[in-house]
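Structure first, then comments.
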Amino acid sequence: QVQLEESGGGLVQAGGSLRLSCVTSGLAVSTYSMGWFRQPPGKEREFVATIAWSGLGTYYADSVKGRFTASRDNFKNTVHLQMNSLKPEDTAVYYCAAGKVLPGTRPGQYNYWGQGTQVTVSA
């Protein structure tokens, strides 16, 4: 059974940082690209970042470029999203996902999803 579990969300002030983690089980994570998406309140799920299976290729949404960094440790079946200089508009539920397409910027390009972790940025 494939499972993805996010952690690291929380409440932070604008300008602060958070580091999200996603632990996977039940899949050969080293063969999957891993994506991060977010869903702000009342809005559709949107692409944030994706990282290639090797960790050598990363792609970011323009809205987070230069502030967020995706990384992965295939030995630990874990991916991370370091989020710096957070803004109130970054408030959302953040999801990690596993897929075979790179760069996958659409939710439909991913096969497996976590349950999400809430990130709230106060002004």
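Numbers at a glance
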{"quantity": "Total residues in segment 62-79, condition under 19 Å from Thr120 (Cβ atoms) and of a type outside the set (Ser, Thr, Tyr)", "calculated": "3"}
{"quantity": "Some residue of segment 33-48 being part of a loop (DSSP other than H, G, I, E, B) and surrounded by 21 or more Cβ atoms within 10 Å (Cβ to Cβ)", "calculated": "no"}
{"quantity": "Members of segment 78-91 found to be part of a loop (DSSP other than H, G, I, E, B) and under 14 Å from the mean Cα position of the chain (by Cα), listed by number", "calculated": "Asn84, Thr91"}
{"quantity": "Unique match (being surrounded by 16 or more Cβ atoms within 10 Å (Cβ to Cβ) and more than 20 Å from Gly104 (Cβ to Cβ)) among Gly15, Gly9", "calculated": "Gly9"}
{"quantity": "Qualifying positions in segment 75-123 - aromatic (Phe, Trp, Tyr) and free of Cβ contacts under 8 Å to residues at least 12 places away in the same chain", "calculated": "Phe75"}
{"quantity": "Top-ranked residue of segment 18-32 - restricted to ones that are farther than 20 Å from Thr117 by Cα and either of a type in the set (S, T, N, Q) or touching an Asp or Glu at 6+ places or on another chain (Cβ under 8 Å) (or both), ranked as most open to solvent (accessible area, probe 1.4 Å)", "calculated": "Thr31"}
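The values are calculated or read from the model by the stated rules, or taken from the named source; none is laboratory data. On a predicted model such as this, the values are computed, not experimentally measured, just so you know. Glycine also receives a Cβ, built like all others from the backbone with ideal geometry; neighbour counts cover every protein chain displayed. Only protein heavy atoms, including side chains, enter the accessible area calculation; ligands, DNA and RNA are left aside. Shrake-Rupley method; radii C 1.70, N 1.55, O 1.52, S 1.80 Å.
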